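All remarks here apply to the structure that follows.
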There are 2 protein chains.
Amino acid sequence: MQVTTCPERAIMEHVTSRWGVLVLQALSDGSTRRFSDLRRELEIVSEKMLTQTLRTLERDGFVHREVKPVIPPHVEYTLTPLGKGAANHLVALAHWIEANQPEVSQAQQRYDAS
Amino acid sequence: MQVTTCPERAIMEHVTSRWGVLVLQALSDGSTRRFSDLRRELEIVSEKMLTQTLRTLERDGFVHREVKPVIPPHVEYTLTPLGKGAANHLVALAHWIEANQPEVSQAQQRYDAS
């Protein structure tokens with residue numbers, strides 16, 4: 001098949017970015033997360049990287065950002081219906097990887113032994 | 001859902017790596033490519049990055065590497081059945097992105113205007 005071109009290639013890079021993959025998966029069940037929840041749960045060391053990832057996903061219309069007017073104020077993130085559509089594909093891929101991980105591990109052992 | 005953990009998380013990173021995504025997509029129709037074909041077609045500037053990507057995918061059992069004993073010798077790459085399984089998910093995601101690209105572009109325009 002032909003390789004995806006711009007702007008599709010850019011969207012693909014956002015969805016499959018290191019942290020994009022994890023954020024979309026974490027929110028894929030329709031749940032809501034605070035920034036600090038995501039950072040802890042996904043073990044994202046860099047606050048800046050998570051901020052950039054969330055901003056990119058929000059700009060693409062995948063993530064909804066809501067500032068809660070409480071004291072102290074905090075920000076909550078959920079997937080939009082569009083984001084859910086993208087996340088579903090990552091979840092399917094994650095399930096496939098889980099099911100095929102033993103076969104991949106065997107291939108890695110054969111490769112390392114050769 | 002729970003976030004994928006090691007070694008699944010590592011495999012996910014290989015499959016969704018910047019160049020991994022493109023290599024798996026390019027080979028997903030069962031075709032064979034030489035190293036130079038892939039590099040040109042995917043517009044991969046760095047020879048080293050493509051070498052590393054192909055080596056990682058070969059080690060995972062996704063890509064089959066064959067040295068053709070011709071003069072001058074060259075190397076051909078194809079997907080294994082396991083690699084085809086992973087690639088199918090990326091192709092499905094690429095189709096989804098293609099279909100939803102207009103909606104993403106609209107979201108980006110709204111975001112940039114706000």
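Numerical summary
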| item | result |
| --- | --- |
| Cα-only radius of gyration and Dmax that characterise the range B:8-113, units Å | 16.0, 58 |
| Other-chain or far-sequence residues with amide H under 5 Å of A:HIS74's (modelled H) | A:LYS68 |
| The range B:63-114, dipole about Cα centre (Lys/Arg Cβ +1, Asp/Glu Cβ -1), debye to the nearest 20 | 200 |
| Two-site FRET efficiency, B:SER114 against B:LYS48, from Cβ-Cβ distance with R₀ of 41 Å, rounded to 0.05 | 0.50 |
| Between the range A:43-114 and the range B:94-114, the Cα center-to-center distance that results, in Å | 19 |
| Dipole in debye (nearest 20) - the range B:3-114, about Cα centre, beta carbon charges: Lys, Arg +1; Asp, Glu -1 | 320 |
| Inter-site label distance for A:ARG40 and A:ARG65 at 7 Å from Cα along Cβ, in nm | 2.2 |
| Charge dipole (debye, nearest 20) of the protein assembly as shown; +1 at Cβ of Lys and Arg, -1 at Cβ of Asp and Glu | 360 |
| Calculated [θ] (222 nm, deg cm²/dmol) that DSSP helices of n ≥ 4 give over chain A, each run adding -39,500 (n - 2.57) | -20000 deg cm²/dmol |
| Shielding by other protein chains, B:54-64, mean Cβ within 10 Å | 3 |
| Residues whose placed amide H lies under 5 Å from that of A:ARG34, excluding near-sequence neighbours | A:TYR77 |
| For residues of B:22-31, the mean tally of beta carbons on other chains within 10 Å | 2 |
| Reduced Cα scattering model of the protein assembly as shown, Debye log10 I(q)/I(0), q = 0.15, 0.16 Å⁻¹ | -1.00, -1.11 |
| Derived scalar couplings ³J(HN,Hα) [the range B:60-70; Karplus, 6.51 cos²θ - 1.76 cosθ + 1.60; whole Hz; x for Gly, Pro] | 6, x, 8, 10, 9, 10, 10, 8, 8, x, 10 |
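FYI, it's all coordinate maths here, none of it is from the lab. Every value quoted in this text rests on a predicted model; they were computed, and no experiment measured them. Ideal geometry is used to build each Cβ from the backbone, glycine not excepted, and the neighbour counts take in all protein chains shown.
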